[in-house]
Amino acid sequence: MVQNKAVIFIFILCIPLLLIGQDIKIDYSNPDNWAALPDKIDNADLVPGNYTTDKQPDSQVDVFFLYPTSFSNKSDIMIWNAAIDDKEVNQDTDERSIKNQASIFNQVGKIYAPRYRQANYAAYFDEDKIRSQQAFDFAYADVVDAFEYYINHYNKGRPFIIASHSQGSTHSMRLIKEHIENTKLAKQLVVAYVVGMPVPASYLNTPPCLSPGQTGCICSWRTYLDKYEPDHVASEEKMISTNPITWDQSSGFSNKKDHKGSVLFDFDKGIYPKIMRAELHGNILWIKKPDIKGKILLQRKNYHIGDFNLFYKDVQENAKLRVDNYLNQNNSSSN
């Protein structure tokens with residue numbers, strides 16, 4: 001009996017890895033397996049403060065959006081990848097990332113945000129690098145399947161934007177390298193906002209965006225409080241780094257009047273413009289504390305959670321500019 005219990009215990013411990021190794025495909029023809037679709041009522045349709053309406057139906061481009069980690073199971077038996085139909089995880093994803101990040105793009109394009117069996121947050125810190133890589137590879141396989149389904153069934157040759165945050169960016173930079181670069185899809189890429197993760201300049205052939213209206217390029221930033229630099233940053237190689245207010249490589253802090261607007265603690269209260277200043281500091285983005293009531297109480301140094309929200313309107317307006325430029329360039333070349 002003791003031996004049998006030991007075998008059962010070992011088997012239970014192995015369940016997460018066994019699941020990772022199974023070839024179980026997600027059915028992306030099922031709308032339930034998408035957090036956002038243009039013809040589906042979802043949180044990507046929402047507008048902060050209801051200051052305008054969702055413009056996806058009239059958009060000429062698509063946005064393929066990959067959300068950040070919302071799965072952090074910490075039970076005794078670690079589950080390394082979320083289930084595709086985990087209601088708690090999906091609700092958290094929808095109420096946080098889809099509502100506050102993906103919705104940025106509903107004035108710009110048709111939003112496609114696939115659900116994927118995301119890796120547990122703990123995988124970023126696990127000492128067993130093989131096990132953690134398995135978790136990320138498993139999640140990435142879903143991302144690839146979703147992207148291929150999107151291209152084959154929804155895209156129809158339209159230009160598209162890649163947008164992602166945190167774990168979503170872990171997957172999107174790999175997706176760009178393995179499934180967009182050096183393919184015909186590269187010509188359809190308007191811009192990629194690969195935010196919240198370090199993107200090595202040497203990893204991708206797609207160039208960094210160096211001006212506000214440039215197309216076919218990558219924007220990336222990681223947001224920290226002025227004068228704070230995490231220890232690991234000093235030893236990093238050169239990363240792609242973008243100022244999401246100026247959208248260029250200028251030095252010094254941006255002017256507060258140039259900040260288009262943040263979404264802060266309450267989405268329904270709308271946009272807060274002219275409250276942020278930002279400057280590039282090597283591989284990271286430094287900001288001054290948001291100029292809001294009670295800012296003295298803000299003790300945060302790492303603003304990872306606000307990488308998109310703090311520049312909500314800035315990203316939206318920039319995406320519009322790049323889309324307009326892309327469409328003008330391609331309409332001119334086709335005439």
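The values are calculated or read from the model by the stated rules, or taken from the named source; none is laboratory data. Computed from a predicted model, the values in this text were never measured in an experiment. Neighbour counts are summed over all protein chains in view; Cβ atoms, including those assigned to glycine, are modelled from backbone coordinates with ideal geometry. We work out accessible area using only protein heavy atoms, side chains counted, and drop any ligands, DNA or RNA first. Shrake-Rupley method; radii C 1.70, N 1.55, O 1.52, S 1.80 Å.
Of note:
- With respect to (1) open to solvent by less than 20 Å² (accessible area, probe 1.4 Å); (2) without any contact (Cβ under 8 Å) to a residue 60 or more places away in the chain; (3) of a type outside the set (K, R), the lone exception for E95 is condition (1).
- Every pair of residues 6+ apart whose Cβ atoms lie under 8 Å, when the first sits in segment 156-179 and is of a type outside the set (S, T, N, Q) while the second is in a strand (DSSP E or B) and modelled with pLDDT under 95: none
- Applying the condition of being open to solvent by less than 60 Å² (accessible area, probe 1.4 Å) and of a type in the set (A, V, I, L, M) to segment 292-317 and asking which residue is nearest to V199 (Cα to Cα) yields V315.
- The residue of segment 300-327 that is farthest from N100 (Cα to Cα), among those that are of a type in the set (A, V, I, L, M) and in contact (Cβ under 8 Å) with a residue 24 or more places away in the chain, is L327.
- Which numbered condition N152 fails, given (1) part of a helix (DSSP H, G or I); (2) open to solvent by less than 40 Å² (accessible area, probe 1.4 Å); (3) more than 18 Å from A102 (Cα to Cα); (4) modelled with pLDDT of 95 or more: (2)
- Evaluation of E127 against the conditions (1) of a type outside the set (G, A, S); (2) at pLDDT 95 or above; (3) surrounded by fewer than 19 Cβ atoms within 10 Å (Cβ to Cβ) shows that the sole unmet condition is (2).
- Set K238, K187, K177: member being open to solvent by 30 Å² or more (accessible area, probe 1.4 Å) and more than 27 Å from S132 (Cα to Cα): K187
- Of all residues in segment 260-271, those being open to solvent by 80 Å² or more (accessible area, probe 1.4 Å) and either outside any loop (DSSP other than H, G, I, E, B) or at positive phi (or both) number 2.
- Of the residues examined, K289 is one that is touching a residue at least 60 places away in the same chain (Cβ under 8 Å) and either outside any helix (DSSP H, G or I) or surrounded by fewer than 15 Cβ atoms within 10 Å (Cβ to Cβ) (or both).
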